[in-house]
Amino acid sequence: MLHTHCPNCGGNQIEGFFEIKNAPIFSLVTVKSKEEALNVPRKDIELGFCNTCGFIFNRLFDTSIDYFTLGYEDQQGFSATFMNYLRKISENLIQKYDLKGKTLMEIGCGKGDFINLLTELSAGKGIGIDPAYQDGRQTNPNLTFYKEFYKLDHGKLPADFICCRHTLEHIHGTKAFLQLIRDSLGNDTNKVIFFEIPQITRILEVQAFWDIYYEHCSYFSAGSLARLFRSTGYEIQDLHLDYNDQYLLIEAMPVNTLSSKAFSIEEGIGEQKKRVDNFRVKIREQLDDWRMKLSALKTKGQKTVVWGGGSKSVGFLTNFADLELIEYVVDINPHMENNFIPGIGKKYVQPKFLKDYKPEAVIIMNGIYKDEITKTLHEMDVFPEIYAL
Ligand SMILES: [Zn+2]
């Protein structure tokens, strides 16, 4: 199935520029056996660049896969670095938009950790919407959950603020989704909308191939995201990067008439096209470079582990599974222990496992955690060579 039109703007000037063959279609599901992990279906990815709006998407994405009602184990709230980040953005939003005591809504709330944090910090009420929410996961009486997809009626709920974190990159029909939210609000233009998603520009610039995996079908830059928001009737209040420039944050309000305000980080389409062309060349070098490093570790017989489960490890290991170098992936999320990595078949272990395993090399999937992880390793008397993405 090849998508010939851009889901953001409807344009048909799409050029493919990067392929990954046989990517496992699930990265975040919990898999209890090696066999089950190796049986996860695989499909090809081909990133396409839209020459009309600058959007990047997997133009081979299979829209018939039902990702949203599966039991994801996507809680990142076990890392101090990540918790500090969430707290910081929450406090910033509460102060900036005067959200104390208000009702806040999260679309795609998952297990409800973020809406819970936000509601606690704002001392207000929270509404979480997600078909995959698990009853009983949150016990805060100020929270209400709707185990369903966002629909027009939800616009009538008394929310002063709507947020949606790390969901849009999983949605193929990006414009339709933004339009649905806008339509649900009608003339109620007094709400603040906040979205947070990974940004593609950094991925292109550092050839972060580990951030490209099947579950992410939509890859936004500041420019393409801003263009999408405006085209669906939102005035952008703020647009910026955070989390070591890995995340793109947008704050907007529904309007009936747009102003001409623009933000300096909105890149033009020609500028992004140059990055895409550069990526096409550099990604080969980057993949070859990692292959050499990993092959050298294998030749020297050095025990190597990956630290950081979830999609990045799947994105990374998919490219080097044939080397058979890595047996274990460390993750601090206790719910992932003894599960297997979808498509790769390697086992998740807790950090304490490394005390006896004593790896000689650790590859950290997210450089932002390097200090935190290095400290944990040293405290266990483990001093491996550290590589960080
Ligand atoms: Zn487009």
(message) Among the listed residues T232, T257, identify the single one that is in the same structural domain as G186 (by TED's automatic domain parsing), in contact with a Lys or Arg (Cβ under 6 Å, 6 or more places away or on another chain) and of a type in the set (S, T, N, Q).
(response) T232
(message) Take residues that are on the phi > 0 side of the Ramachandran plot and tell me which of the strands (runs of 3 or more DSSP E) falling wholly in region 231-328 contain 1 or more.
(response) none
(request) Kindly indicate the residue of region 14-24 that is under 30 Å from A37 (Cα atoms) and either within 14 Å of the ligand (Cβ to nearest atom) or not hydrophobic (A, V, I, L, M, F, W, C) (or both) and also surrounded by the most Cβ atoms within 10 Å (Cβ to Cβ) among those meeting that condition. (result) P24
(message) Looking at (1) in a loop (DSSP other than H, G, I, E, B); (2) away from the ligand (no atom under 16 Å from the Cβ), which one does A37 not meet, given that it meets all the others?
(response) (1)
(message) Pairs needed: first member in region 286-298, in contact (Cβ under 8 Å) with a residue 12 or more places away in the chain and over 19 Å from E360 (Cβ atoms); second member anywhere, hydrophobic (A, V, I, L, M, F, W, C) and assigned to a helix (DSSP H, G or I); C-beta distance under 7 Å; at least 6 residues apart or different chains.
(response) Q286/F209; L287/F209
(message) Of everything in region 178-226, what is closer than 15 Å to P7 by Cα and either touching a His at 6+ places or on another chain (Cβ under 9 Å) or surrounded by fewer than 21 Cβ atoms within 10 Å (Cβ to Cβ) (or both)? Give them in sequence order.
(response) Q179, L180, H216, C217, S218
(message) Can you go through V276, V206 and tell me which one is aliphatic (A, V, I, L, M) and modelled with pLDDT under 95?
(response) V206
(request) Just name the residue that is nearest to S27 (Cα to Cα) out of those in region 291-310 that are touching a helix residue (DSSP H, G or I) at 6+ places or on another chain (Cβ under 9 Å) and surrounded by fewer than 19 Cβ atoms within 10 Å (Cβ to Cβ). (result) R291
(request) State whether one or more residues within region 238-245 are farther than 26 Å from N84 by Cα and either outside the structural domain of K191 (by TED's automatic domain parsing) or in contact (Cβ under 8 Å) with a residue 24 or more places away in the chain (or both). (result) no
(request) State whether the residues of region 277-291 include one that is closer than 30 Å to S224 by Cα and either in contact with a Gly (Cβ under 9 Å, 6 or more places away or on another chain) or among the β-branched types (V, I, T) (or both). (result) yes
(request) State all residues of region 345-367 that are part of a helix (DSSP H, G or I) and either crowded, with 19+ Cβ neighbours inside 10 Å or not assigned by TED's automatic domain parsing to the domain that holds G310 (or both); if no residue qualifies, say none. (result) L354
(request) Report yes if G11 is of a type in the set (G, A, S) and near the ligand (Cβ under 9 Å from one of its atoms), otherwise no. (result) yes
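The values are calculated or read from the model by the stated rules, or taken from the named source; none is laboratory data. Since the structure is predicted, the reported quantities are computational estimates derived from the model, not experimental observations. Here the Cβ is made from the backbone with ideal geometry for all residues, glycine too, and neighbour counts use every protein chain on show.
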